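First up is the structure itself, then whatever we jot down about it.
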């Protein structure tokens, strides 16, 4: 047996000294700065946390393109894009508060743990003062929680679950993207006009946070106008072949199929449904219809011709003809050769909104930024007049109801706008039961 | 009754895909003794052969149409596929429409070549290594292949429709006296099932009724003795690897309209196919086919609402539950032989 030189007393002494040594830098920094990652040099670092691998990598790539474009515009490069149309004029094209904007990127892999790890690394190693991104509600909620603890601002990307600004809302988190409730509120009247008020709906729902809230929202909104919900079936995420879920639909007496799916699941379930010939069938004396409440152009491309004539909602679409949308499409299209997706649009807006809030608040301190964003009313970012509500940090703006085009003229021209639903119609009280259960809490400046 | 019939039908096409992949897996295992975790990736590459041929046929030249504008307001470019320009819009259009069935011919040489390169280039060097090493290296290979496909084709699924004539579904119920629309089955899935039956029949006949097949079967039973008889069994086994790759590849091609191909689809099928092979019995070809259909049908049953309401989540674990029960009662699987993987 070998004798260890380490004694209990020695170990305690060493640990105490080492512990004090490790704590020392933190003591100094916390004295020197009032908040996490206060940018002291001539640059400021933003952290773009997007899926660069995994199922949503294409969305992540489009988000990253938009982030790079936003940084270019903030630093005074390019044609300025929506900076020219944005109603707030606090940004001058010289970075943020005169500091040149730099960025680091992380790969969320569309997994909550990977997303938290990459966000943590960007905050701790790269000194990112703000984290933004996400292409899934599970990821967004996880990263939002992390940013709240770390004391940095989180500007959510593509996240549509009610929970992000509902029961999981955080003081340091802000969402520009619309949510499941808004989709339902915008879609229901259009569906009633198209298909009448005597319909039986069958829901297929992705079995996670976003799917549940969307199912709840759509069922509530359609039931309120007289529809019946025949069945709600949860499907495992990434089920691949949905035929065994689709096959019983016709037999159930339902005449509308609601697909609460996104990404690859949406592509596959919709393709399966069309293959089964559901849309050519007559049930209860009516044409069978399919609804995809959350549409994305990138996904529509995967589903090909199957989207034709199918209704859904979207946060923004490149074919909008307002000056802001046109400026953004021109800027993005000239740089990359194709129009931006709704994911690209929302993250570009979020970057500008953050920078503008810093400029108006005069500080990178998350609490000052939060204060500047809360209750902020703006226009000129492609969605018409918009409010960042103070109660839950959710943006309230117009919602687009869209339909898959019958005869697309190009590979981007897949959706057409059926109706622009005004913000007032999709606004709900902050204490709405679908959003109950959480509290913003106090802002955390960290450090 | 109607719901049960419906799910049996439903399980058949999924079962066909499992059976085709598992057939190739067990063929490779039986001949070369290699546990090939890259087999799912071969299925995926097959599906991407369909995507590739459909893209090749849709290759277009661009002309400027000054009367229309693109999304930036510039004169629009109109794309005309070369095949339509060469063979006329009717025949050219039909070629593009039939891209998936045509891709079978296109995929066979490609898949055999992929199989050859994989076997000669990498897997050959691991024959004498433990199974754990083989699993690691083939699993690594699967990830590499997957990432290569993602690099070229992106991460989102790519719509690859079946020919227009196979659109819609056949009303089985009406034929057997049930109400209309109760038991419907898409035409393309019927095609898939028939296709799988033909391929499985062809592989069995090849092994059963040809001299080559006889030698291969002899080699599977006793490789050493066949070698001592002066037969170059290694070369034949390499050919079998190519054949197994072609079977999985064709399965992938035909599956493309059912499941829009994405880079990850191979992994999704691989795990289930392994369960199929184990349940069927390692190295047993009929076992793999029988287990493929059995598990496909059971999986469909488990996703019925009536069953899910009794045992929630059963649709996601049914295959593994059945696998455990079968392995506990028949440790060698349904049709497994004594001595395989037991040394």
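Rounded to the nearest 0.05, what FRET efficiency do residue B:68 and residue B:321 have when you use their Cβ-Cβ distance and R0 = 35 Å?
On the way: r = 58 Å, r/R0 = 1.66.
Taking R0 as 35 Å, the efficiency between residue B:68 and residue B:321 is 0.05.
Roughly how far apart, in whole Å, are the Cα centres of the range B:1-49 and the range A:54-122?
The range B:1-49 and the range A:54-122 have Cα centres separated by 43 Å.
Evaluate E = 1/(1 + (r/R0)^6) for residue B:116 and residue B:229, where r is the Cβ-Cβ distance and R0 equals 22 Å; express this FRET efficiency to the nearest 0.05.
On the way: r = 25 Å, r/R0 = 1.13.
Rounded to the nearest 0.05, the efficiency is 0.35.
According to the Cα gyration tensor, what semi-axes, each the square root of 5 times an eigenvalue, does the equivalent ellipsoid of the protein assembly as shown have, listed from largest to smallest in whole Å? Let's see the in-between values first.
Working: eigenvalues 451, 248, 141 Å².
For the protein assembly as shown, the ellipsoid semi-axes come out as 47, 35, 27 Å.
What do you get when you divide the Cα radius of gyration of chain B by 2.2 N^0.38 Å, with N the number of residues?
On the way: Rg = 22.3 Å, N = 343, 2.2 N^0.38 = 20.2 Å.
So chain B has a normalised radius of gyration of 1.10.
For the range A:234-378, which semi-axes, largest first and in whole Å, follow from the square roots of 5 times the eigenvalues of its Cα gyration tensor? Can you show the working numbers first?
On the way: eigenvalues 315, 64, 39 Å².
For the range A:234-378, the semi-axes come out at 40, 18, 14 Å.
Relative contact order for chain B: what is it in percent, counting Cα pairs under 8 Å that are at least 6 residues apart? Could you put the intermediate results ahead of the total?
Details: 546 pairs, mean separation 116.1, N = 343.
Taking the mean separation of contacting Cα pairs over the length of chain B, I get 34 percent.
So what are the range B:243-343's ellipsoid semi-axes, whole angstrom, largest first, if each one is the square root of 5 times an eigenvalue of the alpha-carbon gyration tensor?
Over the Cα atoms of the range B:243-343, the ellipsoid semi-axes are 23, 22, 10 Å.
Could you work out which residue, out of B:109, B:180, B:257, moves most in a Gaussian network model of chain B, that is, has the largest mean-square fluctuation with Cα springs under 10 Å?
Highest fluctuation among the options: B:180.
Report, to one decimal in Å, the Kirkwood hydrodynamic radius for the range A:181-314 based on all distinct Cα pairs.
That comes to 14.4 Å for the range A:181-314.
Taking just the C-alpha trace of the range B:20-163, give me its Rg and Dmax in Å.
Cα radius of gyration and Dmax of the range B:20-163 are 20.3, 68 Å respectively.
Can you give me the P(r) profile for the range A:131-184? Cα pairs, bins 10 angstrom wide beginning at 0, each as a whole percent.
Using 10 Å bins, I get a P(r) of 30, 59, 10, 1 for the range A:131-184.
Kirkwood Rh over Cα pairs of chain A into Stokes-Einstein at 25 °C, 0.890 mPa s: D in µm²/s?
Numbers: Rh = 22.8 Å.
For these conditions, the coefficient is 107 µm²/s.
Under a no-solvent Debye model with one identical scatterer per Cα of the range A:152-240, what's log10 I(q)/I(0) at q = 0.24 Å⁻¹?
Scattering profile of the range A:152-240, log10 relative to I(0): -1.15.
In the protein assembly as shown, what % of DSSP beta bridges are antiparallel (nearest 5)? Show your work: numbers first, answer last.
On the way: 28 of 66 bridges.
The antiparallel fraction comes to roughly 40 percent.
Could you grab the relative contact order for chain A? Cα pairs under 8 Å, six or more apart, rounded to a whole percent. Mind dumping the intermediate values first?
Working: 972 pairs, mean separation 87.7, N = 447.
Relative contact order of chain A: 20 percent.
Given the C-alpha centroids of the range A:291-319 and the range B:198-247, what is the distance between them in whole angstrom?
49
Considering the zone a paramagnetic label at residue B:105 would reach in this model (a point 7 Å from Cα along the Cα-to-Cβ line), which residues of the range B:56-70 have amide N under 16 Å from it?
Residues passing the 16 Å test: B:56-58.
Along the Cα→Cβ direction, 7 angstrom out, place labels at residue A:416 and residue A:322. What is the inter-label distance in nm?
2.3
Using all C-alpha to C-alpha distances in the range B:98-167, build P(r) with 5 Å bins and read off the rounded percent in each one.
That works out to 3, 13, 14, 18, 18, 13, 10, 6, 3, 1, 0, in percent per bin.
Which residue, A:265, A:207, A:255, tops the fluctuation ranking in a GNM of chain A built on C-alpha contacts under 10 Å?
For chain A, modelled as a Gaussian network with Cα springs under 10 Å, the answer is A:207.
Counting DSSP beta bridges in the range A:181-314, what percent are antiparallel, to the nearest 5? Don't jump to the answer; show the numbers that get you there.
Working: 2 of 19 bridges.
For the range A:181-314, the DSSP antiparallel bridge percentage is about 10.
Taken together, the values in this text are just the output of simple stated rules run on the coordinates, not laboratory data. Because the structure is a prediction, the values reported are computed rather than measured. Counting neighbours? That spans all protein chains shown, and the Cβs are built from the backbone with ideal geometry, glycine included.
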